[in-house]
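Taking it in order: structure first as structure tokens, then the write-up.
The values are calculated or read from the model by the stated rules, or taken from the named source; none is laboratory data. Quick caveat, the model's predicted, so the values are computed rather than measured. Note that each Cβ is placed from the backbone with ideal geometry, even for glycine, and that neighbours are counted across all protein chains shown. Note: areas computed on protein heavy atoms with side chains; ligands, DNA, RNA excluded. Shrake-Rupley method; radii C 1.70, N 1.55, O 1.52, S 1.80 Å.
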Amino acid sequence: MLKLFPTFLLIVLFSVVVAQNNKISGRVIDADSRVTLPFVNIVINDGYRGGTTDIDGKFSLKTNEPIKTLSLSYVGYGPLVYQVDPNKKTHIIKLQKVEYELPEFVVYPTENPAHRIIKNVVANRDINDPEKLPAFAYTSYDKMIFTLELDSLPIVDTLELDTTDEVRDFLDKHHLFMMESVSERKFRYPDKNEEKVIATKVSGFQDPIFLFLLSQWQSTSFYNERIEIINNNYINPISNGSTRKYFFLLQDTLYYGEQDSVFVISFRPGLNTNFDGLKGVLSINTKNWAIQNVIAEPAKERMGIGFRIEQMYELIEEDQWFPTQLNTGFIMTATANDSSISIGLGNTPDTVPDNFTRVPFGIGKSYIRNINLDTTFKAREFGNVEVEVDPNANFRSENFWLGYRVDSLSEKELNTYRFIDSVGKAENFDRYARNFESMMTGKIPWGYVDLDMHRFLRYNSYEGFAPGVGLHTNERISQTFNIGGYARYGFKDKKFKFGGDFDLNIYRNWDIIWKLKYMNDVSETGGVTFWDQDYRLNNTDNFRDFHVRRMDENEYYNTSVSFRTLKFLNVNVGLSKSSKIVTNDYRYTISEGDVNVYFDRFDFTEVNLGLRYAYGEKFVKNVRKKISLGTKYPIVWFQFSHGLEGFLDGGFEYNRYDVKIEKSFYTNYLGKTSIRISGGYVDADIPYTNLYNGNASYRSFTLYAPNSFATIRMNEFLSNKYLAFYFQHDFEKLLFKGGWFKPEFAIATHVGFGWLDFTDSHTNINYKTMEKGYYESGLLINNLLNLQVYSLGIGTFYRYGPYTFKDGWDNVGAKLTIKFAF
């Protein structure tokens with residue numbers, strides 16, 4: 001045996017050398033557009049061995065026999081047998097696109113063979129899903145380019161010759177926009193995630209604000225029940241029950257090694273189905289029945305901006321697949337009209353008309369490396385900031401970038417940085433980026449101050465139209481403090497209102513902020529306001545303010561400290577004083593012996609504690625602020641107020657408790673469900689001004705205000721303790737398959753209970769109590785008119801149960817609905 005071993009070793013080494021000599025590499029591209037083609041199936045010499053191109057269309061194959069031919073197949077392209085030229089080092093292979101569509105109907109003598117494969121993939125999702133691993137870490141290099149090919153634009157024929165040549169020369173040498181980033185990600189099951197951006201390079205910008213938007217465009221894993229891209233949910237073809245909703249077709253089978261095979265399966269939504277689904281191609285490896293490659297795009301091609309995602313997985317360890325390359329392609333659907341380009345948005349058909357053109361204009365690439373699956377992290381290593389940009393990320397040297405780029409930058413990419421950077425500096429692109437960031441939070445930057453958009457025009461039934469102005473200092477003055485104020489005039493009550501506030505950011509890492517506030521204003525009688533009231537324009541809860549008709553004059557002082565603790569808990573502790581004067585005939589009555597004393601002015605001094613707990617809430621963070629990414633768990637608000645009698649002229653001793661719980665979730669093939677539960681309790685006899693008015697929003701025809709009672713008359717009910725339940729389910733586009741007309745249906749049910757323990761103190765006012773239970777349900781038809789930024793619809797609610805009116809029409813409330821696109 002000892003004598004035979006050297007001979008055996010020589011044979012093995014010789015075999016390895018021979019095998020290494022029989023290798024071939026190159027790239028596969030579209031014959032017309034020259035776009036690289038990912039995941040093209042390649043078979044060597046008409047045998048069973050081969051491979052696929054990677055996500056950039058590159059391939060590198062090795063074999064122990066001379067390579068004479070490569071047989072290429074790719075869904076949507078004609079098959080090709082490529083004759084190998086042994087003198088070429090790199091092979092560029094062109095495939096010709098053919099008209100391809102999955103057949104409408106296929107009859108199988110037994111079960112569709114693709115279904116067995118898909119069911120195996122679904123059964124093994126938890127094994128193969130990277131985010132079901134105990135932990136992992138990796139480094140990612142990302143590149144995003146926006147560009148245009150002039151000849152692909154429908155406007156090109158309308159341009160003057162000189163203009164066309166000038167534009168073509170520019171587009172040949174430059175992209176429109178380009179950015180790169182390097183990030184380090186670490187993950188701990190089930191939901192601890194942190195990504196630190198250690199390097200950024202954005203053409204024309206010093207501030208990498210766009211990273212916050214781009215980082216959310218594609219999920220790293222294709223194993224979730226739903227694939228979320230650009231805020232749209234698409235049912236995954238490998239989700240539970242997908243074989244009943246999707247049509248799958250086995251296109252090809254490839255063989256790797258002695259045991260593993262790869263099944264290439266096309267998919268699209270089945271006939272007579274109506275849901276947001278995907279179409280594309282899956283490559284399934286029999287090794288753990290895992291996704292090896294996937295190409296997907298929306299099944300319903302709509303006008304506007306579309307996308308195409310490509311993902312490649314590799315076997316990192318013996319039994320674990322992990323994504324290593326991700327592509328996101330963006331397509332603009334447009335048409336020419338004289339000398340302009342129209343982009344399809346809003347109410348548009350599900351199919352693209354013949355006169356529109358698909359224009360590729362963006363591509364994002366992610367390369368994942370340094371993957372570490374043999375790691376552990378402790379929970380305390382993770383905060384609530386999911387994406388954080390290193391302050392030095394924008395100042396990395398060229399040598400740093402060379403260590404992470406997959407390929408060196410092309411001349412066109414270098415020209416893009418040079419040209420766009422010079423223009424960005426001259427035109428101050430970063431200022432526009434900060435302005436955009438401010439507007440998303442309801443502010444319009446104006447020099448050293450921000451104008452508060454929600455202060456421009458106010459309307460309610462008490463004040464009527466009330467134009468005004470509000471402004472706050474911005475970071476151009478200081479990132480530590482903020483001072484501002486507002487004023488407005490009500491045309492119906494003919495009075496000015498005004499106020500001011502001051503915020504001091506004591507410790508940014510814990511969001512410790514000290515606040516001072518003064519208001520000489522009006523406030524809703526019996527209304528409920530939480531300490532972190534959201535005044536953004538797209539918050540439809542604020543629509544209820546239009547209906548308020550009973551208000552009190554209120555001079556209000558407040559000082560408070562807010563901070564974040566326990567990762568997901570926001571706390572606000574404060575002291576407030578308010579002096580309220582009723583503006584109607586209501587009187588609060590106190591009996592002093594045989595004499596009743598009537599009051600219409602009240603002083604309240606309160607110690608306040610406000611809590612907001614949002615488990616799993618994530619943020620992205622730049623130098624200036626944190627932006628919430630939301631949470632998939634319920635959000636809970638709790639507010640406690642203790643009235644101090646005798647302190648700072650406080651007239652009442654009481655305890656008040658307010659609570660609110662919200663949760664929204666999406667159900668496959670059914671739509672989005674939203675639930676809110678709210679309640680309150682005041683334990684003492686106090687004036688109507690600080691009790692609960694029933695949260696009504698009724699008019700015979702009016703704007704729909706979610707999370708309020710659409711058929712309760714304003715101030716119809718009064719209580720010192722209440723419980724309310726609001727349910728709404730939006731079927732979105734799932735119930736109606738239309739062309740240009742695409743209404744979206746929703747249903748809603750609201751239930752409320754209320755009790756009033758002290759009834760003798762309230763004079764000159766009519767009210768009811770709802771201890772028997774109040775019920776109403778409604779039907780909403782949204783998206784009847786789509787105006788791009790928002791859409792309009794109609795709805796109706798009906799009141800039933802113990803508090804039903806005798807006249808049936810009095811129980812009906814008609815609504816105008818508004819849904820924002822952002």
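Those residues that are farther than 21 Å from SER697 by Cα and either open to solvent by 60 Å² or more (accessible area, probe 1.4 Å) or in contact with a strand residue (DSSP E or B) (Cβ under 7 Å, 6 or more places away or on another chain) (or both), I need them from the range 780-790; list them, please.
Step one: list which residues in the range 780-790 are farther than 21 Å from SER697 by Cα, which gives 783-790.
Matches in the range 780-790: ASN783, LEU784, LEU785, LEU787, GLN788, VAL789, TYR790.
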Over the range 766-779, the set of residues surrounded by 16 or more Cβ atoms within 10 Å (Cβ to Cβ), assigned to a loop (DSSP other than H, G, I, E, B) and not aromatic (Phe, Trp, Tyr) is THR769, MET770
Please indicate, with yes or no, whether at least one residue in the range 679-687 is buried (at least 21 other Cβ atoms within 10 Å of the Cβ), in a loop (DSSP other than H, G, I, E, B) and of a type in the set (A, V, I, L, M, F, W, C).
-> yes
Within the range 640-655, is even one residue assigned to a strand (DSSP E or B) and open to solvent by 60 Å² or more (accessible area, probe 1.4 Å)?
-> no
How many residues are out of contact with any Leu (no Cβ under 6 Å at 6 or more places or on another chain) and at pLDDT below 95 when one looks only at the range 785-800?
-> 5
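Within the range 545-560, is even one residue in a helix (DSSP H, G or I) and open to solvent by less than 50 Å² (accessible area, probe 1.4 Å)?
The first filter runs over the range 545-560 and keeps only residues in a helix (DSSP H, G or I), leaving 545-547.
Within this subset, residues satisfying the condition of being open to solvent by less than 50 Å² (accessible area, probe 1.4 Å) are 547.
Checked against the condition, which is being in a helix (DSSP H, G or I) and open to solvent by less than 50 Å² (accessible area, probe 1.4 Å), the range 545-560 yields at least one hit.
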Give PHE39, PHE59 a once-over and let me know the one that is under 30 Å from PHE248 (Cα atoms) and in a strand (DSSP E or B).
-> PHE59
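Suppose we keep only residues that are over 14 Å from VAL28 (Cα atoms) and touching a strand residue (DSSP E or B) at 6+ places or on another chain (Cβ under 9 Å) within the range 87-96. Which one would you say is modelled with the lowest pLDDT? Steps first, please.
Restricting attention to the range 87-96, the residues satisfying the condition of being over 14 Å from VAL28 (Cα atoms) are 87-89.
Filter once more, so that each one left must be touching a strand residue (DSSP E or B) at 6+ places or on another chain (Cβ under 9 Å): 88-89.
Numbers: LYS88: 85, LYS89: 82.
Here the answer is LYS89.
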Does any residue of the range 489-507 turn out to be at pLDDT below 90 and closer than 19 Å to SER560 by Cβ?
-> yes
Find the residue count for the range 699-718, including only residues that are in contact with a Leu (Cβ under 8 Å, 6 or more places away or on another chain), under 27 Å from SER664 (Cβ atoms) and either modelled with pLDDT of 95 or more or not in a strand (DSSP E or B) (or both).
-> 1
Test: GLY304 is out of contact with any Pro (no Cβ under 9 Å at 6 or more places or on another chain), at pLDDT 60 or above and open to solvent by less than 60 Å² (accessible area, probe 1.4 Å) = yes
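Each row is one residue, and each column tells you yes or no for (1) out of contact with any Asp or Glu (no Cβ under 8 Å at 6 or more places or on another chain); (2) in a loop (DSSP other than H, G, I, E, B); (3) without any contact (Cβ under 8 Å) to a residue 60 or more places away in the chain.
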position	(1), (2), (3)
GLY26	yes, no, no
ILE29	yes, no, no
GLY51	yes, no, no
ASN64	yes, yes, yes
GLY78	yes, no, yes
Could you please find all residues in the range 450-464 being open to solvent by 30 Å² or more (accessible area, probe 1.4 Å) and of a type outside the set (Phe, Trp, Tyr)?
-> LEU451, MET453, HIS454, ARG455, LEU457, ARG458
Quick one: VAL571 ticks every box in (1) modelled with pLDDT of 95 or more; (2) more than 26 Å from the chain's Cα centre (by Cα); (3) open to solvent by less than 30 Å² (accessible area, probe 1.4 Å); (4) of a type outside the set (Lys, Arg) except a single one, so which number is it?
-> (2)
Does GLY270 fit the bill of being small (Gly, Ala, Ser) and within 21 Å of PRO113 (Cβ to Cβ)?
-> yes
So which residues in the range 791-804 are touching a strand residue (DSSP E or B) at 6+ places or on another chain (Cβ under 8 Å) and either surrounded by 17 or more Cβ atoms within 10 Å (Cβ to Cβ) or free of Cβ contacts under 8 Å to residues at least 40 places away in the same chain (or both)?
-> SER791, LEU792, GLY793, ILE794, GLY795, THR796, PHE797, ARG799, TYR800, GLY801, PRO802, TYR803
Every residue from the range 11-46 that is in contact with a strand residue (DSSP E or B) (Cβ under 9 Å, 6 or more places away or on another chain), modelled with pLDDT under 85 and of a type in the set (Gly, Ala, Ser) | ALA19, SER33
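Among strands (runs of 3 or more DSSP E) lying entirely in the range 575-623, which contain 3 or more residues that are open to solvent by less than 50 Å² (accessible area, probe 1.4 Å) and touching a residue at least 40 places away in the same chain (Cβ under 8 Å)? Outline the logic, then answer.
Working: elements: 587-592, 595-599, 601-614, 618-621.
Because the criterion is at least 3 residues that are open to solvent by less than 50 Å² (accessible area, probe 1.4 Å) and touching a residue at least 40 places away in the same chain (Cβ under 8 Å), the strands (runs of 3 or more DSSP E) in the range 575-623 that meet it are 601-614, 618-621.
Among the listed residues THR763, THR759, THR749, which satisfies the condition of being at pLDDT 95 or above and open to solvent by 10 Å² or more (accessible area, probe 1.4 Å)?
Sole residue among the options that is at pLDDT 95 or above and open to solvent by 10 Å² or more (accessible area, probe 1.4 Å): THR749.
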Residues being open to solvent by 20 Å² or more (accessible area, probe 1.4 Å) and part of a loop (DSSP other than H, G, I, E, B): count how many of those fall in the range 271-299.
-> 10
